[in-house]
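Student: Shown below is the structure under consideration.
The values are calculated or read from the model by the stated rules, or taken from the named source; none is laboratory data. No experiment lies behind these values; they were computed from the predicted model shown. Methodologically, a virtual Cβ is constructed for each residue, glycine included, from the backbone with ideal geometry; neighbour enumeration extends over all protein chains shown. Heads up: the accessible areas ignore ligands, DNA and RNA and are worked out on the full protein's heavy atoms, side chains in. Shrake-Rupley method; radii C 1.70, N 1.55, O 1.52, S 1.80 Å.
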Amino acid sequence: NLQESESENKLDGETASDSESKSEFGGSAPVPTSDDTPEVLNRALSNLSSRWKNWWVRGILTLAMITFFFIIIYLGPMVLMTIVMCVQIKCFHEIITIGYNVYHSYDLPWFRTLSWYFLLCVNYFFYGETVTDYFFTLVQREEPLRILSKYHRFISFALYLTGFCMFVLSLVKKHYRLQFYMFGWTHVTLLIVVTQSHLIIHNLFEGMIWFIVPISCVICNDIMAYMFGFFFGRTPLIKLSPKKTWEGFIGGFFATVLFGLLLSYVMSGYRCFTCPVEFNNDTNSFTVDCEPSELFQLQEYNIPLVLQSVVGWKTVRMYPFQIHSIALSTFASLIGPFGGFFASGFKRAFKIKDFANTIPGHGGIMDRFDCQYLMATFVNVYIASFIRGPNPSKLIQQFLTLRPDQQLHIFNTLKAHLADKGLLAGLEDA
């Protein structure tokens, strides 16, 4: 029995040092959360086994969430950004609440207040950077916004410094180690949640397709891996998530790549999805109208000789974005799940089933977005590395804000540069 209990502790990731720290950090871990399944579903599914009951509950709620996802896409970019911020706040609340429940017995001064204050500071910094970057003309037009934009980073630093001083003043004798532990807890949570949700908004501004396709690939992989694992799963994949199987992992990969190709083909034909989201200063609203780039224009590709005998075609017409979608769906299938494994390890460390019980059958909001945040970071890095180039319109906007003498200096420098390359003479002759 002693050996069995020790092996269970090792499986849960608990060591001797963890047990010793319990007395200092407030005793036992929080009681695992349970799902609040609606009474209507409980009655309707009462005759089913727990396995199939969970399957139907997850399925019904998944369809409801997908429907809600389509509705907010239809409502436009502003609503999407608002939803991203709401999700971010809820995820932050769920993680911080776990820390608060574990260490609540010491009644640490200002812990919750400072946590939410730092959330406010970080959001002020990131959203301020976004407004300055994407609403440059509007910011320059309004005097208060122009002043806030000019000193934005100094104001952000001053706000953070205020919170830092408040934390130092809140330190209590005999609890220094615990308070610094919670200070780190808050900042790691901010790094995971706020920073990556900010990247989701940046992806959205590159075009709705860069927002919808990655998120949809993660959702598809989650669903298909569950389906393949439910019906065919036999081989355990990883100890952190005992229910995950190799059959579900591999089946989810192939299904997600195929889904990504089909979804990107459909969406690439619509300007409302492919055009960057820009702010129209005349109408004070977002616009998604442009001439589609080469990424979203059908091109003919030669099929490798090995596959020509199989498919019977020599060439295929497809959008270049579909090739990029293979990279996105592959990451969503092979690397994205590690965000879920990371979250599973975190929950096992604190002996909780879910981050919260917000969504019956699914747990908390963070339980649904653990892979999405990792995906958002990859998409942002992918766009910066392989897609995005210099933006002439932003350079012109910045050029127009300079003093006349600075504009003249840049003009003469550019003129001399073009003349040296022989381009200016050709333009003058034309």
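Student: If a residue must be at negative phi, in contact (Cβ under 8 Å) with a residue 40 or more places away in the chain and of a type in the set (Lys, Arg), how many such residues does the range 340-376 contain?
Tutor: 3
Student: Here is a further query. Given (1) in contact (Cβ under 8 Å) with a residue 60 or more places away in the chain; (2) more than 25 Å from Ile250 (Cα to Cα); (3) surrounded by 20 or more Cβ atoms within 10 Å (Cβ to Cβ), where does Tyr319 come up short, assuming only one miss?
Tutor: Result: Tyr319 fails condition (1) only.
Student: Among the candidates Leu295, Leu307, which residue alone is in contact with a His (Cβ under 9 Å, 6 or more places away or on another chain) and at negative phi?
Tutor: Matching residue, one of Leu295, Leu307: Leu295.
Student: A further question follows. Keeping to the range 245-285, report how many residues are open to solvent by less than 50 Å² (accessible area, probe 1.4 Å) and in a strand (DSSP E or B).
Tutor: 4
Student: Looking at Ser285 and the list (1) in contact (Cβ under 8 Å) with a residue 40 or more places away in the chain; (2) more than 21 Å from Val316 (Cβ to Cβ), which single condition is not satisfied?
Tutor: Unmet for Ser285, out of (1) in contact (Cβ under 8 Å) with a residue 40 or more places away in the chain; (2) more than 21 Å from Val316 (Cβ to Cβ): (1).
Student: Please indicate, with yes or no, whether at least one residue in the range 369-376 is closer than 20 Å to Leu80 by Cβ, assigned to a helix (DSSP H, G or I) and open to solvent by 30 Å² or more (accessible area, probe 1.4 Å).
Tutor: The answer is yes, given that some residue of the range 369-376 is closer than 20 Å to Leu80 by Cβ, assigned to a helix (DSSP H, G or I) and open to solvent by 30 Å² or more (accessible area, probe 1.4 Å).
Student: Could I ask something else about it? Where in the range 136-195 are there helices (runs of 4 or more DSSP H), lying wholly inside it, with at least 2 residues that are in contact with a Cys (Cβ under 8 Å, 6 or more places away or on another chain)?
Tutor: The helices (runs of 4 or more DSSP H) meeting that bar are 152-170.
Residues checked against (1) surrounded by 21 or more Cβ atoms within 10 Å (Cβ to Cβ); (2) basic (Lys, Arg); (3) assigned by the TED database to the domain that holds Ser329:
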position: Met166; (1), (2), (3): no, no, no
position: Arg177; (1), (2), (3): no, yes, yes
position: Phe183; (1), (2), (3): no, no, yes
position: Thr186; (1), (2), (3): yes, no, yes
position: Leu190; (1), (2), (3): no, no, yes
position: Ile201; (1), (2), (3): yes, no, yes
position: Glu206; (1), (2), (3): no, no, yes
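Student: Just the residues that are open to solvent by less than 40 Å² (accessible area, probe 1.4 Å) and either free of Cβ contacts under 8 Å to residues at least 12 places away in the same chain or basic (Lys, Arg) (or both), please, taken from the range 98-154.
Tutor: Residue satisfying the conditions is Val139 alone.
Student: Does Pro337 satisfy being surrounded by 14 or more Cβ atoms within 10 Å (Cβ to Cβ) and free of Cβ contacts under 8 Å to residues at least 40 places away in the same chain?
Tutor: Taking the combined requirement at face value, the residue does not satisfy it.
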